[in-house]
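Okay, so here's the structure we're looking at.
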Amino acid sequence: MFDLGSRPDASGHFGEYGGKYVSETLMAALDDLNKAWQKLRKDPEFLNEFDNDLNFYVGRPSPLYHAKRLSEKIGGAQILLKREDLNHTGAHKINNTVGQALLARYLGKDRVIAETGAGQHGVASATVAARLGMQCVVYMGEVDIHRQAINVYRMRLLGAEVRSVTSGSATLKDALNEAMRDWVSNVDSTYYIIGTVAGPHPYPQLVRDFNSVIGREARRQVQAQFGRLPDALVACVGGGSNAIGLFHPFVDDTEVPMYGVEAAGRGLESGQHAAPLTTGRVGVLHGNKSYLMDDDNGQILHTHSVSAGLDYPGVGPEHSWLKDSGRAEYVAIDDKEALDAFHLLTRTEGILPALESSHAVAYACKLAATMSADKLVLVNLSGRGDKDVHTVAELEGIQL
Amino acid sequence: MSQQYRLKSCFQVLAEQQRTALIPFITAGDPLADASVDIMHALVDAGADVIELGIPFSDPMADGPVIQLASERAIERGVSLRTVLQDVHNFRQNNQKTPVILMGYLNPLYRMGFAQFAESAAAAGVDGVLIVDSPPEESVVLESLLAAVGISMIRLVAPTTTAERMRLIAAEATGFIYYVALKGITGAGSGANSDAESGQRIKTMRELTGLPVAAGFGIKDAESAADWAQLADAVVIGSALVTRLAECESSGQACEAVKSFLAPIRIAMDNVTQ
């Protein structure tokens, strides 16, 4: 069952954040989607179907794994990994696309579109489209198409059309613009599967609802395996879907600190990063009000991160609310620290993390080192790193 | 002359003459950073009744490739909301009559601060503001600040807008209503055709508000402009003009392009309405 908490409010706001900052053409579609979602999120039959898909198609529950060798090596708190990397298609993204595909079917749409950065959301969208026999178009920045070639081919194998986006910085934000344009142009036939907890209401809410299975399971598992709640939660934040998925069911457990890890790229002082919560300010982008990175004229900045999935100048509005309320703390990990964590986890535990998730692992290691051995740090290992093998090899000057 | 008066008297005169307003759109700062004021005067000389001036934004979600690229070029030339307001101010030195509408996205206004923006826009001589990604539900603060200085926040109606929303949009609307003539982005299609359903929506909005209704998006030549001129009180032409201007290398060339582009459109519109 979903947490029926009061956020967002009826107009889709988390405090001052969120909302529906879109062109008039989309307002009716968003209203329809919202009406459907407010009903379905409490509909036992729909929720049952979603749970079944999570169990038998996605392969849930994902384990909560005690990374003992890593913990020993760090010499501090015990590090627990929520293994979203073991889901079908290799990341948490499938939780959301399975849910939204059911929603698309309910709304009678036979064409789905998606934007993707690292390609995980694109693959997860193409996967559910193949399964339900829907037409699927995925928008992807040209830069990301280059650095995530394997995922591009996976999407094509699944029958999706991958459209290259060359405008702006040719990364995730531009793919999102282009998907929005497609949606405006094909609003009658098309369902837009947004991949993160951003965009206009009700997307931040429904993507959170679908991903909250991560936190619900983790909360249950840590209590079953360790008899108590953890001493910290850690998750990486691009748009913020895996982090919200982990955090949301713990929001009322105020004794559990939550850390969202943004991409510090080449260093926060270099300006080449993707850390809107750490360094940015409030503005309006992609249909919602939230923290973002822009210049003094309000133009959105190009971002940089070694991980395509974190390379985004905005962030979901619920994170902005969590930041201002003090319930969650947001920190940043740079490219090098993330790569070190990638190697460390691979060598100590035999688990190859996605570069996105490596940011969370890196911060968890830093945090764990300051804590005693009886403490528990629960990290969302949001995806596996197979897709990043080429990027890592390239960075180390290795020809594959 | 107060701002709201300028829009009102413009449409009053046109109604008396039974003419449909021609509203060309240009992206400020394209094709040259410093040619926009000259181009604005050329637009008026070529028969424009109202000018829509685009504020370049890095992520224009409702715009097709033509205006996206024009925005990118303008931003590279250093064009910003501040320079756009300066353009309007300079235009007003020699034109007190033609209403100017700024069109763009919310974040640049948010960054300047809504109060500061309202004050500066009024001082520059802006008559209306059309923010694509700010529907009435999210516009309460900005709209009231603009109203206080006599600037209209132009509201959009789309082919997908429900009857219920039309009433919400109509409430407290000022200036004119902008009807989005196609389900899509700016510059799409091959000359949008008017249809009975659009005619009905335009009529409904006119009745609900008592305001003129402009049609835009996808209207690109004399034929489509004349077509919509019979339904709407104003016709907006953007991407087709921006495409023409993009090829120009000097202010003089741009002004000539404006003249040759708008003249047949003006004639075609007047032929069907008068």
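Some points to look at:
- Summed over segment A:273-292, residues that are more than 18 Å from A:Leu322 (Cα to Cα) and within 12 Å of chain B (Cβ to nearest Cβ) total 3.
- Residue ID - nearest to A:Arg181 (Cα to Cα), chosen from residues in segment A:19-33 that are in contact with a Gly (Cβ under 9 Å, 6 or more places away or on another chain) and more than 7 Å from chain B (Cβ to nearest Cβ): A:Leu26
- Subset of segment A:332-344 that is in contact with a helix residue (DSSP H, G or I) (Cβ under 6 Å, 6 or more places away or on another chain) and assigned to a strand (DSSP E or B) - its residue that is surrounded by the fewest Cβ atoms within 10 Å (Cβ to Cβ): A:Ala332
- Scanning segment A:111-149 for residues that are of a type in the set (A, V, I, L, M) and outside any helix (DSSP H, G or I) returns A:Val112, A:Ile113, A:Ala114, A:Ala118, A:Met134, A:Val137, A:Val138, A:Met140.
- Scan of segment B:129-148 for residues that are more than 9 Å from chain A (Cβ to nearest Cβ) and over 16 Å from B:Gly175 (Cα atoms), ordered by number: B:Val140, B:Val141
- In summary, A:Thr171 fulfils each of the numbered conditions (1) within 14 Å of chain B (Cβ to nearest Cβ); (2) within 27 Å of B:Val180 (Cβ to Cβ) with the single exception of condition (2).
- Residue that is surrounded by the most Cβ atoms within 10 Å (Cβ to Cβ) [pool: residues in segment A:18-55 that are touching a residue at least 60 places away in the same chain (Cβ under 8 Å) and basic (Lys, Arg)]: A:Lys20
For every residue, the table says whether it meets (1) in a helix (DSSP H, G or I); (2) more than 21 Å from A:Met27 (Cβ to Cβ).
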| site | (1), (2) |
| --- | --- |
| B:Leu182 | no, no |
| B:Leu208 | yes, no |
| B:Lys220 | no, yes |
| B:Leu231 | no, yes |
| B:Val235 | no, yes |
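- Of the criteria (1) assigned by TED's automatic domain parsing to the domain that holds A:Phe226; (2) closer than 28 Å to A:Ala130 by Cβ; (3) surrounded by 22 or more Cβ atoms within 10 Å (Cβ to Cβ), which one A:Arg83 fails: (3)
- Exactly one residue out of A:Tyr203, A:Tyr259, A:Tyr192 is over 30 Å from B:Lys183 (Cβ atoms) and aromatic (Phe, Trp, Tyr): that is A:Tyr259.
- Subset of segment A:179-199 that is in contact with a Ser or Thr (Cβ under 8 Å, 6 or more places away or on another chain) and within 26 Å of A:Gly245 (Cα to Cα) - its residue that is nearest to the other protein chains (Cβ to nearest Cβ): A:Trp183
- Counting the residues of segment A:207-228 that are part of a helix (DSSP H, G or I) and within 20 Å of A:Asn95 (Cα to Cα) gives 14.
- Filtered residue count, segment A:345-371, keeping only those that are crowded, with 23+ Cβ neighbours inside 10 Å, closer than 15 Å to A:Leu86 by Cβ and not hydroxyl-bearing (Ser, Thr, Tyr): 3
- Selection of first residues in segment B:153-167 that are more than 7 Å from every other protein chain (Cβ to nearest Cβ) and of second residues that are part of a strand (DSSP E or B) and small (Gly, Ala, Ser), restricted to Cβ pairs under 9 Å at least 6 apart or on distinct chains, gives the following pairs, ordered by first then second residue: B:Met153/B:Gly128; B:Ile154/B:Gly128; B:Ile154/B:Ala214.
- A:Trp321 satisfies every condition listed in (1) assigned to a loop (DSSP other than H, G, I, E, B); (2) at negative phi; (3) in contact (Cβ under 8 Å) with a residue 12 or more places away in the chain except (1).
- Number of residues in segment A:364-391 that are closer than 20 Å to A:Ala354 by Cα and either in a loop (DSSP other than H, G, I, E, B) or of a type in the set (Lys, Arg) (or both) equals 5.
The values are calculated or read from the model by the stated rules, or taken from the named source; none is laboratory data. Because the structure is a prediction, the values reported are computed rather than measured. Counting neighbours? That spans all protein chains shown, and the Cβs are built from the backbone with ideal geometry, glycine included.
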